[in-house]
Amino acid sequence: MRQASRNRWRRIPVIIISSILFSGHWSAQWLLAAEPSFNEKLVFFGKQDQQVKVYPASLTISPDGRNIAYVGKNNKGMFVCFNGKPEKETWVKIGKGMPIFNATGDRAAYTAYDGKKWYAIVDNRKGPAFDNIRDFAFSPDGKHFTYIGNRNKDQYIVMNHKVGSKYDLVDYPLFSPDSKRFSYCVFDTDKWIFMENKLKPQQGYAFISTVSYSQDSSRIAYVAKKGKRLTVVLDGVELPVSADQIGMTAFSPNGEHFAYGVFDDEKWNVVIDGVKGPDASLAVQFAFSPDSKRSAYSARFGDREQLFENGQKAAEYATIDTIKFSLNSVHMAFRASESGKYFVVYDGKAQKRYEDIVGPDFSPGNSRLYYVGKLENEKRVLVIDGVESEPHDGIGKPIFSPSGKRLVYTFDEDGEKYLFVDGVKFGPYGSVRHVGFSMDEKRFAFSAEKDGSYFIVVDGKELKQRFNTLPIGQVIYFSSTNALHLPIIILKGEDPWIYRYEVEIMPQ
């Protein structure tokens, strides 16, 4: 057990004075300002008593963090709870992976079995009965939903509870990114047919897979088998290059270009806008730049790998992978290796060599290059724009503010977890999660754990409220610069009590 004095000393944030790594618009000056006060409030949603069994794996939280749903069970059957309030209807079963929220968090759904039939329940409205239901999904804008229903030996695509035509099989339901287009595949009279609301029904194929829309939703492609060969069907038209295998299908961000890899006669080729690249033993990776003007891919030739940019050979190393473009499309980086050592190549120039590398990638906004390098002594360093951090036992993935000007990363040291924020060190903690910035980037917050107790830290100050558990896979939600919230489950005995933890920040 640590001495109390040692604990108090180690809780004090340490300012790292000589840190080029974190230089930029933001600095540690915020520590010098008068400390704000915090108004902490728990908004009670509801609770479950000892007669109710709660299934923790079913817990889901809306994208805005304001609503909670989970599955419970009492002596009458299974039911769904929204914000601690049980639905009136009970069921024999609730579908796996349910309940779910739409992307905006204002709609919720689940599938349920009454002992005879399955139903989809959306916004407390029950849909038609089926023998089985699968592949439930909301559209990206949250306004529509779809699922596949089985009756006897027939299958149906269902849109907003409206049942479509019956088929032998239905598969691959998919909304376009703008939610205005929708596609699915049906098997009828021994062939698969592609159905899409902006295209005429396609001819039959032996099978269909890898359906994808372009980011702007203007185009759609899929892989189809015709006879013994595979081909790509782009906007309803078969592309001329067929093969034994097809992979790495990709649209450029603006939808104007399309690429894919083909394997035929024991060799791989990358095809970009219909033009085949050189024969290779393996196609490794493909990437378009965000502005769609640049493309890059890596492929293996013998015991070496080469990088091609816009169809021309640009580099050669033992291995090449993790190709990344900066958000402004000006810079490109990738991971490479020679003689068992790994390094990043940035705009054609090889950087320092390491035992291994995680990354590289670019920060949002200002497109700073970063990656984690492994040293010979097993320590890790975070490298940003070529500058190394101090070595640590382990380093978590960096988290940048939306503009990229502020940086947070966690690191491990002697079995404990620490946090670096803009060059300021916090810790030690047992764990660190839920890191988030306010929308104007003036504040940051995270959750931490000490001695089995969880709490929130805002701008480096530990708040008073303590919890015995916190939800996993969430972030702290800032509704404004001076207000944040997080869904909370407090266990009292074995009973979960559901709250929303709200914090008002009152600057001095």
5 Å is the cut-off here: which amide hydrogens, built 1.01 Å from N in the peptide plane, fall below it relative to A483, excluding neighbours closer than 5 in sequence? I505
Per-residue ³J(HN,Hα) for region 374-385, Karplus 6.51 cos²θ - 1.76 cosθ + 1.60, θ = phi - 60°, Hz, x for Gly and Pro: 9, 8, 5, 8, 6, 6, 10, 10, 8, 10, 10, 6
Enumerate the amide H contacts of R181 below 5 Å, restricted to partners 5 or more residues apart or on another chain; note that Pro and chain-start residues carry no placed amide H. S176
Table column - 3J(HN,Hα) (Hz), region 160-168, Karplus curve with 6.51, -1.76, 1.60, x for Gly and Pro: 6, 6, 8, 7, x, 5, 8, 9, 5
Given the whole protein assembly as supplied and a 1.4 Å probe, what does the accessible area of E316 come to in Å², nearest 10? 70
In debye, nearest 20: dipole of region 307-416 around its Cα centre with unit charges on the Cβ of K, R (+) and D, E (-)? 540
Expected output is a single nm value to one decimal: the length gained when fully extending between H331 and V387, i.e. 0.36 nm times separation in residues minus the C-alpha distance. What is it? 18.4 nm
Sequence-distant or interchain residues sharing an amide H contact under 5 Å with H331, placed H: which? S326
Using a 1.4 Å probe on heavy atoms of the protein chains only, the accessible area for T60 in Å², nearest 10, reads 30
Multiply the residue separation of A103 and L239 by 0.36 nm, subtract the distance between their alpha-carbon atoms, and state the gained length in nm to one decimal. 45.5 nm
When we measure straight from the Cα of K417, which lysines land under 19 angstrom away, once same-chain ones fewer than 8 places off are left out? K374, K379, K397, K425, K450, K461
Computed [θ] at 222 nm, deg cm²/dmol, the chain (DSSP H ≥ 4; -39,500 (n - 2.57); rounded to nearest 500): -500 deg cm²/dmol
Which whole-number percentage describes the relative contact order of region 69-187, with Cα contacts under 8 Å and a sequence gap of 6 or more? 13
Residues of the chain: accessible area per residue with a 1.4 Å probe, Å²: 49
Cα to Cα, under 17 Å, and not fewer than 8 places away if on the same chain: which lysines meet these conditions relative to K276? K267, K313
Relative contact order for the chain: what percent, with Cα pairs under 8 Å and sequence separation of 6 or more? 11
Assuming 0.36 nm per residue, please report the length gained on full extension of the stretch D64 to K41 beyond their Cα-Cα distance. 6.5 nm
How about K53: which lysines have a C-alpha closer than 27 Å to its C-alpha, ignoring those fewer than 8 places off in the same chain? K73, K76, K85, K88, K93, K96, K116, K117, K126, K492
List, largest first, the extents of the alpha carbons of region 49-137 along their principal axes, each in whole Å. 36, 33, 20
Report, in debye and to the nearest 20, how large the dipole of region 387-508 comes out about its Cα centre when Lys and Arg carry +1 and Asp and Glu carry -1 on their Cβ. 440
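Could you please report the charge total around K276, scoring K, R as +1 and D, E as -1 over all other residues with beta-carbon less than 14 angstrom from its beta-carbon?
-3
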When the accessible area of the chain is computed with all protein chains present and a 1.4 Å probe, what percentage of it is carbon and sulfur? 50
What are the ³J(HN,Hα) couplings of region 241-256, residue after residue, when phi is run through the Karplus curve with 6.51, -1.76, 1.60 and θ = phi - 60°? Round to Hz, x for glycine and proline. 8, 10, 6, 6, 9, 9, x, 6, 5, 7, 8, 5, x, 8, x, 7
Could you tell me which residue out of F175, N150, V262 lies farthest along the dipole of the chain toward its positive end? Charges go on the beta carbon: Lys and Arg +1, Asp and Glu -1, centred on the Cα centre. N150
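The values are calculated or read from the model by the stated rules, or taken from the named source; none is laboratory data. None of these values were measured; they are calculated from a predicted model. For neighbour counting, all protein chains shown are included, and Cβ atoms are generated from backbone atoms with ideal geometry for every residue, glycine included. SASA here: full protein model, heavy atoms, side chains in, ligands and nucleic acids out. Shrake-Rupley method; radii C 1.70, N 1.55, O 1.52, S 1.80 Å.
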